[in-house]
Structure formats: C-alpha cells, structure tokens
1. List pairs: first residue in the stretch 167-178 and over 14 Å from Ile83 (Cβ atoms) and surrounded by 16 or more Cβ atoms within 10 Å (Cβ to Cβ), second residue modelled with pLDDT under 75 and aromatic (Phe, Trp, Tyr) anywhere in the structure, Cβ distance under 6 angstrom, at least six positions apart or on different chains.
2. Limited to the stretch 75-99, what total is found for residues that are free of Cβ contacts under 8 Å to residues at least 60 places away in the same chain and of a type in the set (Val, Ile, Thr)?
3. Out of Ser106, Ser16, Ser99, which single residue is at pLDDT below 90, surrounded by 12 or more Cβ atoms within 10 Å (Cβ to Cβ), among the small types (Gly, Ala, Ser) and out of contact with any Asp or Glu (no Cβ under 7 Å at 6 or more places or on another chain)?
4. State whether one or more residues within the stretch 36-56 are at pLDDT below 85 and either touching a Lys or Arg at 6+ places or on another chain (Cβ under 6 Å) or of a type in the set (Gly, Ala, Ser) (or both).
5. Can you name the residue in the stretch 156-168 that is of a type outside the set (Lys, Arg) and assigned to a loop (DSSP other than H, G, I, E, B) and, of all such residues, is modelled with the lowest pLDDT?
6. Go through the stretch 55-95 and count every residue that is within 18 Å of Ala165 (Cβ to Cβ) and not acidic (Asp, Glu).
7. Please go through the stretch 82-96 and pick out each residue that is at pLDDT below 75 and surrounded by 12 or more Cβ atoms within 10 Å (Cβ to Cβ).
8. Within the stretch 19-27, identify whether any single residue is modelled with pLDDT of 70 or more and of a type in the set (D, E, K, R), and answer yes or no.
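The values are calculated or read from the model by the stated rules, or taken from the named source; none is laboratory data. Note that this is a predicted model, so its numbers are computed, not measured. Quick reminder, even Gly has a Cβ in these numbers, built from the backbone with ideal geometry, and neighbours come from all protein chains shown.
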Amino acid sequence: MKQLAFVTLIFLICFSCGNDTMPKPNAYLRLDYPEADYKIFDPGFPFTFEKNELATEIRARILTADSASLGIDIIYPSLKGTIYLTYKKVNSSEDKLKSLLRDAQSFTQEHTQKADEITEQIYQNNEHKVYGMFYEVGGNAASQSQFYVTDSINHFLTGSLYFYAKPNYDSILPAANYLQKDIQKIMETVRWK
C-alpha cells in the first residue's frame with residue numbers, strides 16, 4: 001500500500017504541471033476618459049469654435065490695449081492640462097502674416113532639443129477659409145501639441161498644449177492623445193466673425 005501511494009505521489013509530482021511557471025507581466029495603469037461632448041463656444045472674440053465640456057474652466061486674456069491680441073486658456077483640471085490659445089489681428093498685411101507664420105513655426109522648432117520627433121499635419125478648409133498646421137511633438141518636450149490657423153487676411157490663431165507636470169512623455173501620452181483630438185476639433189470648427 002505504501003509503495004502504491006509512493007508511486008502515485010511521484011507520478012503526480014512529475015506529470016501534474018506541464019507548464020513552466022512564468023512571472024506575471026507588469027500591470028499598466030488604465031486611463032479611461034469620457035467620450036468628448038463638444039459645444040459651440042463663443043468667447044466674445046472675432047471667432048468661435050467647439051469646446052469639449054470636460055474643460056470646465058476658461059480664462060480670457062486681453063494681451064494688448066487695442067484688442068489686436070487676445071488669449072483664451074482652456075483648462076482641463078481632471079487631466080491637469082491647458083490648451084492656450086492666442087489670437088492676433090492680421091489687418092491684411094502680407095508682411096505681418098509672414099511674420100506670424102514664422103513665429104508660430106519657430107516656436108514649435110524650439111522644442112527640438114527635447115523632442116524625439118515633430119510631426120506636421122496640414123489643415124485646410126476652403127469653405128470656411130481656415131488654413132493651418134498641426135504639430136505633434138514626441139518626447140519629453142514641454143508642449144506635446146501646437147497649431148495655428150488663419151484666414152490669410154484678417155485672423156491668426158495659435159494654440160499649444162501644456163500639462164502641469166514635468167514632461168515625461170510615457171506618463172502623459174494618454175492625456176496628450178485625448179487633448180490632441182480636442183485641438184483638432186478646435187481647428188476644424190473655428191469660424192471667423
């Protein structure tokens with residue numbers, strides 16, 4: 001009887017586990033953001049756009065006394081991020097438009113020291129006269145997304161995304177991807193007055 005129990009025990013030990021034990025993979029934080037709910041937003045400036053209702057705080061800024069330069073901060077407290085918009089009147093001056101375009105493009109290029117890559121995406125809406133560029137900045141740069149839109153005659157709007165944290169691309173990537181969609185929605189829905 002003891003021999004049968006011993007043989008059975010040896011048999012169970014040898015053949016009971018066919019798989020090698022493997023360590024469990026590291027867990028990753030799952031970040032679920034609500035589906036975006038966009039509403040038309042009129043800040044009382046020379047343009048309107050659609051804004052995500054997740055942005056619960058808005059700050060308007062008048063940057064020059066003649067209101068030729070205005071700003072709006074679209075704040076997302078739950079994501080700890082802000083989209084900063086700056087509007088400037090062009091006044092039909094080709095030189096002024098070229099200068100604004102150069103400034104917007106050089107501002108993005110300043111991030112090349114920390115960025116792994118900068119991807120450009122052209123935006124064009126002939127029906128509403130909105131033309132611009134969207135920049136996605138990869139890596140540990142201060143701003144993950146920037147853009148500008150213009151009607152090429154009177155209006156010029158720039159925007160950039162910043163988080164209230166030390167840049168760590170892997171950590172903020174889900175929130176940056178979510179807010180990039182909001183930036184693209186702003187570009188698509190800008191209507192000049």
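1. Matching pairs, first to second residue: none at all.
2. Of the residues in the stretch 75-99, 1 are free of Cβ contacts under 8 Å to residues at least 60 places away in the same chain and of a type in the set (Val, Ile, Thr).
3. It is Ser99.
4. No, the stretch 36-56 contains no residue that is at pLDDT below 85 and either touching a Lys or Arg at 6+ places or on another chain (Cβ under 6 Å) or of a type in the set (Gly, Ala, Ser) (or both).
5. Here the residue is Pro167.
6. Final tally of qualifying residues: 12.
7. Answer for the stretch 82-96, where residues must be at pLDDT below 75 and surrounded by 12 or more Cβ atoms within 10 Å (Cβ to Cβ): just Ser93.
8. Checking the stretch 19-27: not a single residue is modelled with pLDDT of 70 or more and of a type in the set (D, E, K, R).
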